[in-house]
Each structure stands twice: as C-alpha cells, then as structure tokens.
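Read through the structure below, which is laid out as structure tokens, and then see the notes.
The values are calculated or read from the model by the stated rules, or taken from the named source; none is laboratory data. Just so you know, these numbers come straight off a predicted model, no measurement behind them. Here the Cβ is made from the backbone with ideal geometry for all residues, glycine too, and neighbour counts use every protein chain on show.
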Amino acid sequence: MWVEPYPEFSPEKPLFICILANTGTARIPGISAAGKTPELTDYTPAADAELVETGKAISITEPAMCPSGAPTPAVLTRASMLLTEIPCLFISAGLNVRPKVPFFDLNAHPGGDIRNGHAVEDAGDIYKKSAALGKKLSKLSDLVIIGESVPGGTTTALGVMRAMGYNGMVSSSFPDNPQEIKDRVVSEGMKRAHLSFGCLKDDPLCAVGHLGDPMMAAAAGLVDGLGTKTILAGGTQMVSVLCIIKNLGLKRDVSIATTCYVADDKSANFREMIEVLGFQAFIADPGFGNSRFKGLRMYERGEVKEGVGAGGAMLAAAMMGFSQKEFRERTEEVYGSLFPIS
C-alpha cells in the first residue's frame with residue numbers, strides 16, 4: 001500500500017481546499033526554498049493555485065520551484081485533482097499577489113516578519129470569517145481536505161508551537177534544514193514580543209498573532225466551522241494547526257495526511273508530535289524514485305517534501321482507488337507538460 005494506514009472511508013462528496021497566504025518571514029534569506037529567490041516567494045501561493053486549477057502558472061513566467069530546480073508540489077496536487085475529479089477551492093488568508101483563478105477572499109492582510117514580534121494583526125478576525133465560511137461549506141461536503149501554500153510557514157509553525165509549549169521540530173523545503181536560522185528568527189520574535197516557552201498555551205490565536213501566519217488562523221477556523229470529517233493536508237505546518245486546535249479545545253473529527261518525505265525527515269519530529277497530540281496521521285509515498293524525471297526524483301533527496309496539500313491529495317487518490325503507479329504516471333504527465341526536457 002502506498003498510503004499508510006489505508007483510508008477506510010468512502011465519502012460521497014469530498015472537497016479539497018487550499019489556503020493561500022504570504023508572510024514577511026519568507027523574505028528572510030535562507031528561510032524558504034519555496035521560490036527561486038526570497039522575493040519570488042510573494043508569487044508562490046498564487047502560482048500554485050493557478051497551476052492546480054489550470055495546469056500552468058499565470059502570475060509568473062514559470063511554476064514556483066526551489067532554487068535547485070525541484071518543482072512545486074502543486075504538480076502532485078494537480079495530478080490528484082485530475083485523477084479523482086474532486087472539486088478544489090482556494091481561500092486567500094492574506095496575499096501580496098492574488099491568483100488569476102477564482103478564490104474565496106477572507107479580506108485579511110498578509111503576515112509580517114515574526115522577528116518584529118507581531119506577525120498577524122487580525123488572527124481572531126480571520127478565524128471568525130473562516131469559521132463562518134466553514135459552516136457554509138459543511139453543507140456541500142462530507143469530507144474536507146485542507147492544504148496550504150505559505151512560503152516560510154515552517155518557521156512560523158516553529159514559533160507558534162514554542163509559544164504554546166510544544167517541542168515541535170519543523171521540516172524544510174531545503175534538503176538541509178536551516179534549523180539555526182529558524183531558531184534564531186523565532187528567538188528574536190519571542191524576545192521582541194516578551195514571550196517565553198509555553199506562555200500562550202491557553203491563547204493559541206494570540207500565539208498566531210505574535211509568531212504565526214494567516215493560514216493557521218484560517219485553517220483552525222475552517223475546522224471549527226466545518227464540524228465534519230476533516231483532513232489537514234500538510235507536514236509540520238499543519239502539525240502547528242493541530243496544536244492550535246487541541247489547545248482551543250475543539251472536539252472535531254480531524255486527522256492529518258503528509259508525504260513520507262516529511263514523516264521520515266530526521267530533522268523534524270512529525271511522528272512524535274502526532275503521538276503527543278493524539279491525532280491520526282496518514283503517510284503517502286508517491287514512489288518518485290522510479291520516476292523518469294530528475295525533477296521528481298529530487299523529492300527522494302529531500303527537496304521540497306510537501307506543500308499545496310500534496311500528502312492529502314495523494315490520500316484522496318488512494319481513497320478513490322488509484323494505485324501509486326497511476327498517481328505517479330499522472331504526475332509525470334503534469335510535470336512533463338511543464339518541463340518537457342527535464
């Protein structure tokens with residue numbers, strides 16, 4: 001089986017949602033590989049949404065990719081949406097660049113640099129708006145998969161988990177996790193905001209306001225409003241959302257799905273955190289070691305790892321009865337149409 005454990009549910013009306021947001025933290029050199037340069041990370045969420053929806057980036061001349069040339073995980077998510085024909089919706093939780101495809105807009109500001117100690121000025125408002133949207137969407141679906149595209153989001157995740165008292169270790173889109181930079185950035189933000197480890201365990205949205213990003217408030221609000229079976233599609237960024245959900249005391253049917261690249265990342269502690277938090281996790285392996293494309297094989301070396309809900313998108317494909325080979329071949333078709341000579 002290419003997804004462990006194999007999903008034992010068959011929803012009648014599944015829905016895939018991807019939350020898009022920017023954070024000034026992504027512009028710190030060496031923090032994020034979700035763009036060829038720190039400045040280009042402003043375009044990454046919009047380009048990811050455009051690729052998933054249309055098969056190509058519109059806001060920039062080429063799809064978002066790492067400095068190494070590894071492709072955005074939006075390629076994987078589009079492959080799953082094509083295979084499964086699950087409807088996909090996008091939500092802006094605060095963007096510098098708006099995608100040129102339809103999306104829901106929470107009318108929120110992009111996140112700031114967490115080194116300033118105040119990163120999300122309207123976390124509570126984002127949560128409320130997202131919860132209201134979730135209540136409406138719950139009438140349309142019996143299973144919602146929530147992904148994200150937020151460059152720099154593992155650093156904000158680290159900050160929020162520390163403020164809530166969790167020893168979470170986050171992954172990275174780089175093969176060599178820049179842990180020292182992330183630790184330094186989080187420590188600077190906590191010092192500026194006069195925070196200590198665990199001091200905001202009873203106020204998760206305040207933690208988001210100081211050290212997080214807009215996606216976290218939006219994802220937690222969605223889960224609250226949906227009240228239906230929900231899967232957070234992502235790695236350690238979504239682990240931070242689980243921490244928020246748990247500390248808010250939300251009693252919802254929530255699990256998480258990620259790629260084997262995050263779950264097996266020794267610089268992070270995904271599996272340990274899931275056990276501490278008490279949620280179920282699904283781990284998906286696309287088998288890219290057998291791909292004919294170098295760009296996809298780079299995932300096996302620790303490039304990219306996760307994003308744009310890729311782990312949840314693979315779970316959806318498995319849930320709908322598609323094999324690893326079928327998923328990989330469709331991903332290669334999508335990739336080949338974008339990078340025919342790679």
Residue among GLY198, GLY225 that is assigned to a helix (DSSP H, G or I) and either of a type outside the set (Val, Ile, Thr) or touching a residue at least 12 places away in the same chain (Cβ under 8 Å) (or both) | GLY225
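Just checking, which of GLY307, GLY302 is at positive phi and either crowded, with 22+ Cβ neighbours inside 10 Å or at pLDDT 95 or above (or both)? Walk me through how you get there before you give the answer.
Working: GLY302 fails: either crowded, with 22+ Cβ neighbours inside 10 Å or at pLDDT 95 or above (or both).
Just a single option satisfies the conditions, and that option is GLY307.
With the requirement that a residue be hydrophobic (A, V, I, L, M, F, W, C), in contact with a helix residue (DSSP H, G or I) (Cβ under 7 Å, 6 or more places away or on another chain) and surrounded by 23 or more Cβ atoms within 10 Å (Cβ to Cβ), what does the stretch 313-333 give you?
So in the stretch 313-333, the residues hydrophobic (A, V, I, L, M, F, W, C) come out as 313-320, 322, 327.
So of that shortlist, the ones also in contact with a helix residue (DSSP H, G or I) (Cβ under 7 Å, 6 or more places away or on another chain) come out as 313-314, 316-317, 320, 322, 327.
Passing the criteria: ALA313, MET314, ALA316, ALA317, PHE327.
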Lone qualifier among LYS246, LYS251 - being part of a loop (DSSP other than H, G, I, E, B) and farther than 15 Å from GLU306 by Cβ = LYS251
Of the numbered conditions (1) surrounded by 22 or more Cβ atoms within 10 Å (Cβ to Cβ); (2) under 23 Å from ALA317 (Cβ atoms); (3) within 17 Å of the chain's Cα centre (by Cα), LEU89 satisfies every one except a single condition; which is it?
-> (1)
For the stretch 2-29, pairs from a residue that is of a type in the set (Gly, Ala, Ser) to a residue that is modelled with pLDDT under 95 and not in a loop (DSSP other than H, G, I, E, B), with Cβ under 7 Å and 6 or more apart or across chains, are ALA26/THR41
Please verify whether the stretch 153-173 includes one or more residues that are in a loop (DSSP other than H, G, I, E, B) and under 17 Å from GLY309 (Cβ atoms).
-> yes
Residues being surrounded by 17 or more Cβ atoms within 10 Å (Cβ to Cβ) and under 19 Å from ALA313 (Cα atoms) - total across the stretch 249-278 | 11
Which members of the stretch 82-121 meet the condition of being in a loop (DSSP other than H, G, I, E, B), at pLDDT 95 or above and of a type in the set (Asp, Glu)?
-> GLU85, ASP113
